1. Can you tell me which residue among K29, K23, K68 is closer than 22 Å to Y6 by Cβ and exposed (fewer than 14 other Cβ atoms within 10 Å of the Cβ)?
2. Scan segment 38-57 residue by residue and report those that are modelled with pLDDT under 95 and farther than 18 Å from D95 by Cβ.
3. Please find, among A5, A32, the residue that is closer than 20 Å to L130 by Cβ and at pLDDT below 95.
4. Return the residues of segment 44-95 that are charged (D, E, K, R), part of a helix (DSSP H, G or I) and within 17 Å of T108 (Cβ to Cβ); say none if nothing qualifies.
5. Kindly list the number of the only condition in (1) out of contact with any Gly (no Cβ under 9 Å at 6 or more places or on another chain); (2) free of Cβ contacts under 8 Å to residues at least 24 places away in the same chain; (3) more than 16 Å from E91 (Cα to Cα); (4) surrounded by 19 or more Cβ atoms within 10 Å (Cβ to Cβ) that fails for I63.
6. For segment 96-113: of the residues being outside any helix (DSSP H, G or I) and not hydroxyl-bearing (S, T, Y), which is farthest from G30 (Cα to Cα)?
Amino acid sequence: MGSLAYLEEQEGNPTEALKWRRKAYETSKGPATRIRWWASYIQALTRLAPEDSQRIQQTSMEIFDQSKGMEEFFSGANFRNLSRANTSLQEWNRDLHSERSALDDYNTSLQGLCAQQSADSPDLGKCTSLLVPATS
């Protein structure tokens, strides 16, 4: 499905590309795989449909359902995928929402996850590195 999404994007069919990315995300199994496909879908949304703020905001929140009960949420490939998606979200937010953050709910949920980390945990630093800076 990822290959089909890539081909559709290369052919200039962003709507079809996003459908394939979403399908890959929705049908993925296992928490780490879902995080990977969620990140891929977020990157595609911010690139191919940046004007669709509602869908981007809604999809950004879906990751917090995936994280429930996951001990390795901020480790290894999970963190790399979270970071990739987070970079896309922050760039999208900065470029299209300069007066106010469109990611307030995302940031609040992320702060909640950070608060659950122990002070001496390396995951605390990883988590806080993902927080969306306040807009000026």
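1. K29
2. none
3. Testing whether each residue is closer than 20 Å to L130 by Cβ and at pLDDT below 95 leaves just A32.
4. Matches in segment 44-95: E62, D65.
5. With respect to (1) out of contact with any Gly (no Cβ under 9 Å at 6 or more places or on another chain); (2) free of Cβ contacts under 8 Å to residues at least 24 places away in the same chain; (3) more than 16 Å from E91 (Cα to Cα); (4) surrounded by 19 or more Cβ atoms within 10 Å (Cβ to Cβ), I63 is out only on (2).
6. Checking each candidate, the answer is E99.
The values are calculated or read from the model by the stated rules, or taken from the named source; none is laboratory data. From a predicted model like this one, the values you see are computed outputs, not experimental measurements. Ideal geometry is used to build each Cβ from the backbone, glycine not excepted, and the neighbour counts take in all protein chains shown.
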